[in-house]
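Below is one structure, written out as structure tokens; the observations come after it.
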Amino acid sequence: MTTPTAPTGKGASPQRPSSRAGGPYRRAQVDPLAALRTPADPSWDVYLTGTVFLDIVFTGLDSAPVRGTESWARGMGSSPGGVANMATALARLGLKTSLAAAFGDDHYGEYCWDALEHGEGIDLSPSRTVPGWHSPVTVSMAYEGERTMVSHGHEPPPEEPAPDCPPRARAAVASLVPGRRASWIAQAASKGARIFADVGWDDTGAWDLAGLADLEHCEAFLPNAEEAMRYTGADCPREAAHALTAYVPVAVVTLGAEGAYAVDGRTGETAVVPAIAVEALDPTGAGDVFVAGFVTGTLADWPLADRLAFAGLTAALSVQEFGGSLSAPGWAEIGAWWRKVQSLDRQDPEALRRYAFLAELVPEEQGRPWPLRRAVPTIGFRRSA
């Protein structure tokens, strides 16, 4: 099947005032859970915790920087990064999102806090500003569809940022660390949260699933193909996905340019969706956006294939913009894509049917885009009156 072609284009300080449940939550244009909401629901749809970085991204490089020379980038963007990528992607898809993170008390920290709370409507009531701690920074250089990153930062105080008791939520997103348990994952699961997890590269080289002990609390695990094959010893990604269902109910393996494959071990259902061909500007955060799309579809109780297709679409749209967090698409961008691909000549009818579920979800075309914020070249300019 040919996929539609996308158009281009501690002491902790006192908590800052923050939007809380029942407070001024900024809503997206579409609430994908509207039909499922009841008065007994948790205040938040998704909870997550982790480190917020300031990302500075250079794009438009013709090649990798060469030692001893100076390279000029044709584009640059700054935005909150790290766990902010996932939080923003979830919020822009209409999920009420709560984030526990440590923020530096520097200008970078203030910018990231403002962008997440006031710009995206993310609940930061579990978060803290740490006096004397500077914000972690990542400089990313994007070229030839890949990226090279340099980061700097220090560990926050041990008690930061995760609270002892995470708030009750429908779901939580976790990044598993080989050989290390995160106590909040079990706590969130005990309160009824559905846990979605990804994992980073195992620098120890062990690739032992027993080292991912928190998988026992997870509903879904979303590694990439290389990670899945190394953890299972499988010869191909699909075989690896099936092997992972011995440890977690739903396994989703991302296949890069080939799309993604998913297996629900409880029902035996499988789904494969090819990738959408786009002109990538910056791949930063695309994996986080993919997970956010899959979480959204799962909480909305969509079929497995629709969840997988939606996750791939949101990730594809994100790489066409600067920055990890502020490149995440909202429903306006998703709606614009859906209207555009239907208008193009020679689209594969079968491929269009794969995304037909969007027709009842996307908002009507409006005069201005949403969300309005994108990554900016420079932070700290004074706002005009």
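If you check D301, D288, which single one turns out to be under 21 Å from the mean Cα position of the chain (by Cα) and either at pLDDT below 85 or in a loop (DSSP other than H, G, I, E, B) (or both)?
From the options D301, D288, the qualifying one is D301.
Go through the stretch 48-94 residue by residue and tally those that are in a loop (DSSP other than H, G, I, E, B) and farther than 22 Å from L176 by Cα.
17
Looking for something at pLDDT 55 or above and surrounded by fewer than 21 Cβ atoms within 10 Å (Cβ to Cβ) - is there at least one such residue anywhere in the stretch 13-27?
Applying the first criterion (at pLDDT 55 or above) to the stretch 13-27 yields 27.
Applying the additional criterion that residues be surrounded by fewer than 21 Cβ atoms within 10 Å (Cβ to Cβ) yields 27.
Yes, because at least one residue in the stretch 13-27 is at pLDDT 55 or above and surrounded by fewer than 21 Cβ atoms within 10 Å (Cβ to Cβ).
Before we move on, is A251 modelled with pLDDT of 95 or more and more than 16 Å from F294 (Cβ to Cβ)? So that I can check it myself, show each step before the final result.
Working: modelled with pLDDT of 95 or more: yes; more than 16 Å from F294 (Cβ to Cβ): no.
So A251 fails the test.
Which condition breaks for E144 when tested against (1) on the phi > 0 side of the Ramachandran plot; (2) buried (at least 22 other Cβ atoms within 10 Å of the Cβ)?
(2)
Would you tally the residues in the stretch 171-185 being part of a strand (DSSP E or B), out of contact with any strand residue (DSSP E or B) (no Cβ under 7 Å at 6 or more places or on another chain) and not β-branched (V, I, T)?
Initially, the stretch 171-185 is screened for residues part of a strand (DSSP E or B), giving 171-177, 180.
From what is left, the residues that are out of contact with any strand residue (DSSP E or B) (no Cβ under 7 Å at 6 or more places or on another chain) are 177, 180.
Subset that is not β-branched (V, I, T): 180.
The number of residues fulfilling the criteria is 1.
Taking R180, is it within 28 Å of D45 (Cα to Cα) and surrounded by fewer than 16 Cβ atoms within 10 Å (Cβ to Cβ)?
Values: within 28 Å of D45 (Cα to Cα): yes; surrounded by fewer than 16 Cβ atoms within 10 Å (Cβ to Cβ): yes.
The answer is yes for R180.
If you scan the stretch 216-241, which residues turn out to be of a type in the set (G, A, S) and either more than 20 Å from the chain's Cα centre (by Cα) or closer than 19 Å to R180 by Cα (or both)?
A220, A228, G233, A234, A240, A241
Looking at A220, A188, A241, which is the one that is open to solvent by less than 20 Å² (accessible area, probe 1.4 Å), assigned to a helix (DSSP H, G or I) and closer than 21 Å to M86 by Cα?
A188
Inside the stretch 315-344, can you point out the residues that are acidic (D, E) and at pLDDT 85 or above? Before you say what the answer is, go through the steps one by one.
In the first step, residues of the stretch 315-344 are kept if they are acidic (D, E); the result is 321, 333.
E333, the sole residue that qualifies.
Hey, among A275, A228, A262, A206, which residue is in a loop (DSSP other than H, G, I, E, B) and touching a Leu at 6+ places or on another chain (Cβ under 8 Å)? So that I can check it myself, show each step before the final result.
Numbers: A228 fails: in a loop (DSSP other than H, G, I, E, B); A262 fails: in a loop (DSSP other than H, G, I, E, B); A206 fails: touching a Leu at 6+ places or on another chain (Cβ under 8 Å).
Exactly one residue qualifies, and that residue is A275.
Could you list, in sequence order, all residues of the stretch 191-212 that are among the aliphatic types (A, V, I, L, M) and open to solvent by 30 Å² or more (accessible area, probe 1.4 Å)?
As a first pass, look at the stretch 191-212 and keep what is among the aliphatic types (A, V, I, L, M): 193, 195, 197, 199, 206, 209-210, 212.
Matches in the stretch 191-212: A206, A210.
Restricting to the stretch 95-107, what's the tally of residues that are open to solvent by 10 Å² or more (accessible area, probe 1.4 Å) and either at pLDDT below 95 or of a type in the set (G, A, S) (or both)?
3
Check whether at least one residue in the stretch 262-271 is surrounded by 22 or more Cβ atoms within 10 Å (Cβ to Cβ) and modelled with pLDDT of 95 or more, and report yes or no. Working first, answer last.
Applying the first criterion (surrounded by 22 or more Cβ atoms within 10 Å (Cβ to Cβ)) to the stretch 262-271 yields 262-263.
Narrowing further to those that are modelled with pLDDT of 95 or more: 262-263.
Yes, there is a match, as at least one residue in the stretch 262-271 is surrounded by 22 or more Cβ atoms within 10 Å (Cβ to Cβ) and modelled with pLDDT of 95 or more.
If a residue has to be of a type outside the set (S, T, N, Q), open to solvent by 20 Å² or more (accessible area, probe 1.4 Å), farther than 30 Å from M149 by Cα and assigned to a loop (DSSP other than H, G, I, E, B) to count, how many in the stretch 315-359 make the cut?
Result for the stretch 315-359: 4.
Just to check your reading of the model, which residue among A115, A87, A91 is touching a Leu at 6+ places or on another chain (Cβ under 6 Å), within 20 Å of P329 (Cα to Cα), modelled with pLDDT of 90 or more and not acidic (D, E)? I'd like the intermediate steps shown before the answer.
Values: A115 fails: touching a Leu at 6+ places or on another chain (Cβ under 6 Å); A91 fails: touching a Leu at 6+ places or on another chain (Cβ under 6 Å).
Criteria check complete, one pass: A87.
The values are calculated or read from the model by the stated rules, or taken from the named source; none is laboratory data. These numbers come from a predicted model, not from an experiment. Ideal geometry is used to build each Cβ from the backbone, glycine not excepted, and the neighbour counts take in all protein chains shown. Just the protein is used for accessible areas: all its heavy atoms, side chains included, with ligands, DNA and RNA removed. Shrake-Rupley method; radii C 1.70, N 1.55, O 1.52, S 1.80 Å.
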